[in-house]
Amino acid sequence: MKIAFIGLGNMGGGMAANLVKAGHAVNAFDLSADALARAQENGCATFTSVREAVDGVDAVVSMLPNGKIVDSVFENDVLGHAPKGAILLDCSTIDVDTARKVTADAVAAGYDMVDAPVSGGIAAANGGTLTFMVGGTDTAFARAEPILSAMGKAVIHAGGSGAGQAAKICNNMLLGASMIATCETFAMAEKLGLDLQTFYDISSKASGQNWSMTSYCPVPGVGPTSPADNDYQGGFATALMLKDLKLAMEAAQSVNADVPMGARAAELYAQFDADGKGGLDFSAIIKTLS
Ligand code: NAD
């Protein structure tokens with residue numbers, strides 16, 4: 001297949017390289033010359049505009065920073081410029097309403113489109129082990145699935161247009177709240193005189209068990225290796241968690257959902273980010289809980 005890939009940053013760079021490894025011809029475009037140079041090293045053909053990159057392709061994949069940019073790239077340079085019948089896949093994390101709007105416009109212009117945000121960070125993007133949550137019609141999903149499979153370990157059809165984004169922000173709202181709950185629990189356990197490894201051994205086999213504890217423990221030296229063991233460098237940046245929590249709060253408001261724990265997590269991450277910690281892994285919030 002010939003696939004245009006728009007947005008070759010931390011995530012998109014590795015994803016485009018995996019499409020090349022799977023035997024696809026990849027047309028790459030990014031505003032950053034560095035990102036384009038890396039894409040070229042990884043076997044992509046590079047272009048100087050979106051319109052040139054989407055010319056004659058079978059599919060267009062985007063991995064961009066936010067909904068405003070996704071909307072403008074698709075409206076101005078993809079719809080009406082990619083061949084009619086190309087399948088369009090936006091893998092960025094954006095708000096549900098914009099995802100639905102862009103897909104509706106794409107469908108009106110004669111394309112199938114899915115929203116397909118990912119779970120998994122830069123290592124999973126490089127390693128081809130992302131999880132994709134996909135929103136779109138059965139037909140669009142069936143067309144998108146083989147392309148996404150080349151970049152991930154799981155591709156799940158979440159429902160109609162926007163359902164991928166809805167699943168992503170619901171998941172990450174739970175993750176943000178559960179990480180803070182895990183952090184405060186370990187901080188209190190320490191104050192109560194518990195040995196933290198012993199508490200981990202108990203709670204990881206008891207009803208407090210959760211992913212933030214057993215796959216990503218915020219305490220250095222406890223549980224499997226995690227960003228906590230690397231002074232909270234790498235991993236999933238606080239700024240990105242905050243972005244997802246803000247999207248979750250917008251979505252909650254739009255459907256009048258009661259989300260007291262998600263809202264508190266959003267406040268705490270906003271404060272941590274405002275304190276200049278946006279570049280640290282999101283588990284570093286444990287440092288603020290004494
Ligand atoms: P990034 O900033 O590293 O990459 C975005 C790329 O888009 C940049 O290279 C930028 O130059 C390019 N870009 C911006 N505007 C453009 C335009 N108009 N045309 C072409 N290229 C343009 O960000 P990232 O970490 O790769 O994240 C991309 C998306 O993936 C975001 O929506 C993010 O929320 C989501 N995401 C990131 C992670 C993560 O761990 N980094 C995990 C899951 C989801």
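The values are calculated or read from the model by the stated rules, or taken from the named source; none is laboratory data. A quick note: this is a predicted structure, and the numbers were derived from the prediction, not measured. Neighbour counts run over all protein chains shown; Cβ positions are idealised from the backbone, glycine included. In case anyone asks, the SASA skips ligands and DNA or RNA and just uses the protein heavy atoms, side chains included. Shrake-Rupley method; radii C 1.70, N 1.55, O 1.52, S 1.80 Å.
Here are the numbers:
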read-out: Distance (nanometres) between label positions extended 7 Å along Cα→Cβ at residue 25 and residue 76; value: 2.8 nm
read-out: Estimated distance in nm for a label pair at residue 264 and residue 239, the labels positioned 7 Å out from Cα along Cα-to-Cβ; value: 2.8 nm
read-out: Rounded D (µm²/s) - the stretch 2-160, Kirkwood Rh over Cα pairs, Stokes-Einstein at 37 °C, 0.692 mPa s; value: 220 µm²/s
read-out: In Å², nearest 10: area of residue 169 left accessible to a 1.4 Å probe; value: 10 Å²
read-out: Amide H contacts under 5 Å for residue 88, placed H, 5+ residues apart; value: 60, 112, 113, 114
read-out: Residue-level accessible surface for residue 46, protein heavy atoms, 1.4 Å, Å²; value: 50 Å²
read-out: MRE, 222 nm, helices only [DSSP H, n ≥ 4, -39500 (n - 2.57), over the chain, to nearest 500]; value: -14000 deg cm²/dmol
read-out: Listed residues 149, 207, 178, most fluctuating in the chain (Gaussian network, C-alpha, under 10 Å); value: 207
read-out: Within the stretch 166-288: Cβ-based charge dipole about Cα centre, in debye rounded to nearest 20 (Lys, Arg +1; Asp, Glu -1); value: 180 debye
read-out: Most mobile of 220, 260, 65 in a GNM of the chain (Cα contacts under 10 Å); value: 260
read-out: Extent along principal axes [Cα atoms of the stretch 179-290; Å; largest to smallest]; value: 43, 29, 23
read-out: Residue 37/residue 84 FRET efficiency (R0 30 Å; Cβ-Cβ; nearest 0.05); value: 0.40
read-out: Solution diffusion estimate, µm²/s, Stokes-Einstein, the chain, Kirkwood Rh from C-alpha pairs, 4 °C, viscosity 1.567 mPa s; value: 65 µm²/s
read-out: Centre separation in Å (Cα based) which lies between the stretch 136-205 and the stretch 257-284; value: 16 Å
read-out: Inter-probe distance in nm under a simple model that places probes 7 Å from Cα toward Cβ, at residue 231 and residue 10; value: 1.8 nm
read-out: Cβ-Cβ FRET estimate between residue 255 and residue 137, R0 fixed at 25 Å, reported to 0.05; value: 0.70
read-out: Amide H within-cut-off set for residue 150, under 5 Å, with H built and near neighbours excluded; value: none
read-out: Magnitude of the charge dipole, the chain, Cβ model with Lys/Arg +1 and Asp/Glu -1, debye to 20; value: 300 debye
read-out: For the chain, share of DSSP beta bridges that run antiparallel, in % to the nearest 5; value: 15 percent
